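Enquirer: I have a structure here, written as structure tokens, and I will follow up with some questions on it.
Taken together, the values in this text are just the output of simple stated rules run on the coordinates, not laboratory data. Only a predicted model underlies this, so the values are computations on that prediction, with no experimental measurement involved. Every residue, glycine as well, gets a Cβ built from its backbone with ideal geometry; the counts of neighbours run over all protein chains shown.
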Amino acid sequence: MSRVDESNLLLEIESINDYIDNFELERKSGTKALKKKFHKEAVEGRNGYVKEKIDLYEKYKRILLVELENRSNVLLPQNKNDKYAERKAQLNKLQELLIYKNPFVSNNFRLGFYRLIYAIKENTSLEELNSIVDNYVAIFTRMGIKLSAEDFDYTMFTKDYFSTYFGSVEAADRKAKFDKVYWECPKLVLEIKQCLLAILKKYEKKINEYTKVHEGELVRENEVDIAHIEEVYNLTRKSLEDDIDSDEYTILDDFLKGNHSINDYLKDSASRGKIFDSFVASGSYEELSVDDKLKFKENIVELYHTLNILKKYYKYETIITDLVEKYNNRATVKGNFANLEKELDKDDKEREKLNKEYEKSCGIGFLAKESSDKQNLAKVKSNEIFDKLMTDLANYDEAKISVDLDKNLKESANVHDLFKVALSSYSYLVRTLTKINEEDPNFDLEKEIDDYIDFVCDPNGNFLDGIFAFNNLDITETISKKYRLVGINITKEKIDREVIDTLLNDVSLIYLIQNIENNSITMENIKFICDVNKIKPIDLSSGLI
Amino acid sequence: MDKLSTFNNEELLEVYAKVQEEINHLNECILEEEPDVEAEEEKNEEVSETEKTEESSEEEKTEEEKEEKEEENNEQS
């Protein structure tokens, strides 16, 4: 019998209910009128008593609620999200340095130029386009280079638009000019994109010099030895992720938001026991020795991280299969690459020639004569050559990745190497990530690029270093065998692409239980706070601490 | 009621549930009270008398208005 069953409250409730149940409502003798009168007064009397008790119990309820809230508030953990955000910002700076150290990454990528340029699509709005160009110009300004309209002479159309862009900051002026040029050059946005890429070529030497300077600045800012950047980054990231995963506030917040149901996590939960047992090779978690339980815990933490990496690996697997295919076909592609380069060079020369012809037809230069017919002809030809240039560029880009693979990879390369090499061609990365996410209506290229970089830099993915990319790859077999060797019961079928989420949910449950057990907040306290939350919702963000 | 400090968190929730359960039970115990027939009748009578007085005063008003109009007409002619 619990203390509640023996409490004065239950005695009081019993006595109240007895009194109500035995309240005489009918008179046995007397006239009909008398009986009726008696009943009416008895009902009024009983109702009066009941209402008085309702008031009393409502008062009890209020007192109890205050006590419950006070007790739950005492248990609420501190919100450390601001501190985590600061640490994440610091980690991002270290990641920037790590990217600097990746030999496959170009300086244009490192300095942020490609991120801006490749965000430009055919349907990019003028407002977005101008904002991208503003940021692009700002990077050059930081480098000590002041760009002007003269730098944007990729075609007569880009030159025309940028003469207004640099001449006026008024959005209306820029729009009027854009609209005017657009009718003569419907691919103006793409021409501007190519123009921005061409400027990078023009200033290549200065960009390379500045990258070195900037790298030095980053090293000083982060107070880190660049030779050990990878170790520093891995340690910092692991420590931050572990702290966030085991953070009491975050854990509690997830329960309060209903992301987990506390009943599945309690010791007496039938599903919890089954899930634990399902990972133990001998079949019963409880029968494991204390030492084996400790080893089990460590292996589950590792498995949790491995499965999360595997899930991302599945997402990016096409990059591996594609790059392997490209590497195997490199000899054929390499033979044709010189022709593609020549063709592209020819297109570029033609473009430059047309620009000069256009200037001449505007009356600029020695013996030049103004002719609107010749101006229009140059414009028409310029549009034609741009279309050809775009086709040739697409072929060149596609072939270049094979040539880069030939230059940067060996037959002994591992899976991680391939993922890193993909960073060597930003245009390839953009094309591939766009294709991978083609069914996602909320696709955000910038976020996808960040996620991919995060994946490539993830220290939990270091096991990919040990898997040869050019062997016949069966990553699920490799992982499941590795864990079976340490007594964790998983099969390759259970971690297959289609079903990995089910297994990951089970591993996540054990991982979370372990994190709670390592904390000062107990499962019982989480349950208590969740129960109080059901009575009166707790607003964790309001800082009830 | 008992001293709340004697209960642990789990028990306190149980107490809260019992109190809520008793409130629900008490609410169900409220019986429908029969209307007071005599008082109702008296009330009804009062209402009908007031209505009558209002009606007669309105009738008086319209008669007065009629007379006033007739007087006005006579004066004009």
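Enquirer: Does region A:403-466 come out rounded, prolate or oblate, given a ≥ b ≥ c as the square roots of the eigenvalues of its C-alpha gyration tensor, rounded meaning a/c under 1.5 and, failing that, prolate meaning a/b above b/c? Numbers along the way, then the final one.
Expert: Numbers: a/c = 2.60, a/b = 1.49, b/c = 1.74.
Judged from the Cα gyration tensor, region A:403-466 comes out oblate (a/c at least 1.5, b/c at or above a/b).
Enquirer: What is the dipole size for the protein assembly as shown, taken about its Cα centre, with +1 at each Lys and Arg Cβ and -1 at each Asp and Glu Cβ, in debye to the nearest 20?
Expert: On the way: 89 positive and 135 negative charges, 1329 e Å.
Charge dipole of the protein assembly as shown: 6380 debye, to the nearest 20.
Enquirer: May I have the extent of the alpha carbons of the protein assembly as shown along their three principal axes, as whole Å values ordered from largest to smallest?
Expert: Cα spread of the protein assembly as shown along its principal axes, largest to smallest: 128, 116, 44 Å.
Enquirer: To continue, here is another question. Give, as ranges by residue number, the residues of region A:516-533 whose backbone N falls under 15 Å from the point 7 Å along Cα→Cβ of B:Asn8.
Expert: Correct set: A:522-529.
Enquirer: Hey, could you grab the Kirkwood Rh for region A:106-202? Inverse mean 1/r over distinct alpha carbon pairs, Å, one decimal. Walk me through the numbers before you get to the answer.
Expert: Details: mean 1/r = 0.0743 Å⁻¹.
The answer is 13.5 Å.
Enquirer: Given a cut-off of 28 Å, name the pairs among A:Lys238/A:Lys536; A:Lys205/A:Lys400; A:Lys88/A:Lys420 whose C-alpha atoms lie farther apart than that in the structure shown. Walk me through the intermediate numbers first.
Expert: Details: A:Lys238/A:Lys536 37 Å; A:Lys205/A:Lys400 21 Å; A:Lys88/A:Lys420 22 Å.
As for pairs spanning more than 28 Å Cα to Cα, those are A:Lys238/A:Lys536.
Enquirer: Using only the alpha-carbon atoms, how far is helix A:445-457 inclined from the longest principal axis of chain A? Give it as 0 to 90 degrees, nearest 10.
Expert: 80
Enquirer: While we're here: What is the average number of partner chain Cβ atoms found within 10 Å of a Cβ in A:40-51? Before the final figure, lay out the partial values.
Expert: On the way: counts 5, 0, 1, 5, 4, 0, 4, 5, 0, 2, 7, 4.
Averaged over the peptide's residues, the number is 3.
Enquirer: Another question about this same structure. Please work out the C-alpha center-to-center distance from region A:335-398 to region A:4-19 and express it in whole Å.
Expert: Computed from Cα coordinates, the inter-centre distance equals 96 Å.
Enquirer: Could you give me the ³J(HN,Hα) list for region A:40-52, computed from phi with Karplus coefficients 6.51, -1.76, 1.60 and θ = phi - 60°, whole Hz, x at Gly and Pro?
Expert: Here the 3J(HN,Hα) series is 4, 5, 5, 4, 4, x, 5, 4, x, 5, 4, 5, 4 Hz.
Enquirer: Which FRET efficiency, nearest 0.05, do A:Lys37 and A:Lys59 yield, Cβ-Cβ r, R0 30 Å?
Expert: Working: r = 34 Å, r/R0 = 1.12.
About 0.35, to the nearest 0.05.
Enquirer: Need the C-alpha centroid separation for region A:178-229 versus region A:85-113, integer Å.
Expert: Going from one Cα centre to the other spans 15 Å.
Enquirer: What does the extension gain come out to for A:Asp397 and A:Lys293, with contour length at 0.36 nm per residue minus their alpha carbon separation? Provide the component values of the computation, followed by the final result.
Expert: On the way: separation 104, 0.36 × 104 = 37.44 nm, distance 5.31 nm.
Result: 32.1 nm gained on full extension.
Enquirer: Which values, in whole Å and largest first, are the semi-axes of the equivalent ellipsoid of region A:324-446 obtained as the square root of 5 times each eigenvalue of the Cα gyration tensor? List each step's numbers first, then the result.
Expert: Working: eigenvalues 319, 73, 23 Å².
Here the semi-axes work out to 40, 19, 11 Å.
Enquirer: To continue, here is another question. Convert each backbone phi in region A:494-503 into a coupling constant with the Karplus relation 6.51 cos²θ - 1.76 cosθ + 1.60 (shift: θ = phi - 60°), then list the ³J(HN,Hα) values in order as whole Hz, x for Gly and Pro.
Expert: For region A:494-503, the Karplus curve yields 6, 10, 5, 3, 6, 10, 4, 4, 5, 5 Hz.
Enquirer: Still on this structure: For a test of the definition: using alpha carbon positions, the gyration tensor, and the 1.5 limit on a/c, classify region A:6-47 as rounded, prolate or oblate.
Expert: Details: a/c = 8.01, a/b = 3.38, b/c = 2.37.
It is prolate, given that a/c is not under 1.5 and a/b is the larger ratio.
Enquirer: Follow-up. Would you calculate a helix-derived [θ] at 222 nm for chain A, using -39,500 (n - 2.57) for each DSSP H run of n ≥ 4 and dividing by the full residue count, to the nearest 500? Don't skip to the end; give the middle numbers.
Expert: Numbers: 22 runs with 382 residues, N = 545.
Value at 222 nm, helices only: -23500 deg cm²/dmol.
Enquirer: On to the next question. Could you check the simple spin-label distance between A:Lys146 and A:Ile20, using points 7 Å along Cα→Cβ, in nm with one decimal?
Expert: Output for this residue pair reads 8.7 nm.
Enquirer: Let me ask you something else. Give the total of Lys-Lys pairs in region A:8-69 with Cα-Cα distances below 16 Å; include a pair only if its members are 8 or more places apart or on different chains.
Expert: On the way: A:Lys28/A:Lys36; A:Lys28/A:Lys37; A:Lys28/A:Lys40; A:Lys32/A:Lys40; A:Lys51/A:Lys59; A:Lys51/A:Lys61; A:Lys53/A:Lys61.
The number of close lysine pairs in region A:8-69 is 7.
Enquirer: Within region A:219-287, which trypsin sites (Lys or Arg not before Pro) sit in a loop by DSSP and count at most 13 neighbouring Cβ atoms inside 10 Å?
Expert: Values: sites: A:Arg220, A:Arg237, A:Lys238, A:Lys257, A:Lys267, A:Arg272, A:Lys274; in loops: A:Lys257, A:Lys267.
Those satisfying the criteria are A:Lys257, A:Lys267.
Enquirer: What average count of beta carbons from other chains do you get within 10 Å of the Cβ of residues in A:15-21?
Expert: Working: counts 0, 4, 4, 0, 0, 3, 1.
Average per residue, whole number: 2.
Enquirer: Shielding of B:24-33 by partners, i.e. mean partner chain Cβ atoms within 10 Å per residue? Could the numbers behind the result be given before it?
Expert: Numbers: counts 2, 8, 14, 4, 1, 12, 6, 9, 2, 5.
What the average comes to for B:24-33 is 6.
Enquirer: Would you work out the relative contact order for chain A, in percent, from Cα pairs under 8 angstrom that are 6 or more residues apart?
Expert: 20 percent.
Enquirer: Still on this structure: Hey, can you grab everything whose amide H is under 5 Å from the amide H of A:Val280? Only 5+ residues off in sequence or another chain; H modelled, so Pro and N-termini drop out.
Expert: A:Asn489
Enquirer: Per-residue counts of other Cβ atoms within 10 Å, averaged by peptide: what ranking do you get for A:489-496, A:313-320, B:27-34, A:76-83, highest first? List each step's numbers first, then the result.
Expert: Values: A:489-496: 16.2, A:313-320: 17.8, B:27-34: 11.9, A:76-83: 14.6.
Answer by packing, highest mean first, reads A:313-320, A:489-496, A:76-83, B:27-34.
Enquirer: Given R₀ = 30 Å, FRET efficiency for A:Ser125-A:Glu204 by Cβ-Cβ distance, to 0.05? If you can, show how the numbers build up before the last one.
Expert: On the way: r = 30 Å, r/R0 = 1.00.
Once rounded, the FRET efficiency stands at 0.50.
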